[in-house]
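Peer 1: Pasting a structure below so you can have a look.
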Amino acid sequence: SDPLDPTPDMILQGANPDDRFGSSLAGVGNADGQPGSDLLAGASRATLDRTWQGAIYLFSGGAGIDAVADWYVYGEGAGDELGFAVAAAGDANGDGANDLLAGAPYRNRGSVLDAGGAFLFYGGAVLDGTADFVVEGGTQGEFLGTSVAGCGDVTGSGFGHLLIGVPGNDAAGTDAGRI
């Protein structure tokens, strides 16, 4: 409002001790097809059936916004820490809806520990819990997905592009990192 005031209009909080709800946040525009801009929140140490698998939660914006998540996804494996980073991905698949991006930097790739992963979920009127596109780290300790961002259509292709941080990548030297 104008003028801004220091009193919160709403407070959202994690469901369980050690969830680390709010460890990452992003305004994602309209990702669910409902009126209003939506909020994506990460809880990197949330546990459903695996310790610290992490979770991401979408809160649908508009006049009916409340403190109950309208959509959520938990990480696949123990210690993945899905939601360590979240971002608005723009329209990565060209369907007109804003998409969601989340990182899980401690995700294992088979026996490769902490390779990391980034997960893209296509937005639209029907959101499901299955990632539509997955990028995985290649070597141990790459921590792919420590940071994620949508950067718009940088090539003029008509599709949104993604940035994914890989701080443990060794291509240019030990832990030189790459995006």
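Peer 1: If you plug each phi of segment 158-173 into the Karplus form 6.51 cos²θ - 1.76 cosθ + 1.60 with θ = phi - 60°, what whole-Hz ³J(HN,Hα) values come out, in order, with x for Gly and Pro?
Peer 2: Karplus-based 3J(HN,Hα) across segment 158-173 equals x, 10, x, 10, 10, 10, 10, x, 10, x, x, 5, 9, 4, 9, x Hz.
Peer 1: Based on Cα positions only, what radius of gyration and what Dmax would you give for the chain, in angstroms?
Peer 2: Looking at the chain, its Cα Rg and Dmax stand at 16.4, 54 Å.
Peer 1: Roughly how far apart, in whole Å, are the Cα centres of segment 41-60 and segment 137-179?
Peer 2: 22 Å
Peer 1: Just going by the charge dipole of the chain, with Lys and Arg at +1 and Asp and Glu at -1 on Cβ, which of 7, 141, 61 is farthest out on the positive end?
Peer 2: The residue sitting farthest along the positive end of the dipole is 141.
Peer 1: Calculate, in nm to one decimal, what residue 9 and residue 125 gain on full extension: separation in residues at 0.36 nm each, minus their alpha carbon distance.
Peer 2: Here the answer is 39.1 nm.
Coordinate-derived values only; no laboratory data. This structure is a prediction, so every number in the text was calculated from the model and none was measured. In this analysis, Cβ positions are derived from the backbone assuming ideal geometry, glycine residues included, and neighbour counts consider all displayed protein chains.
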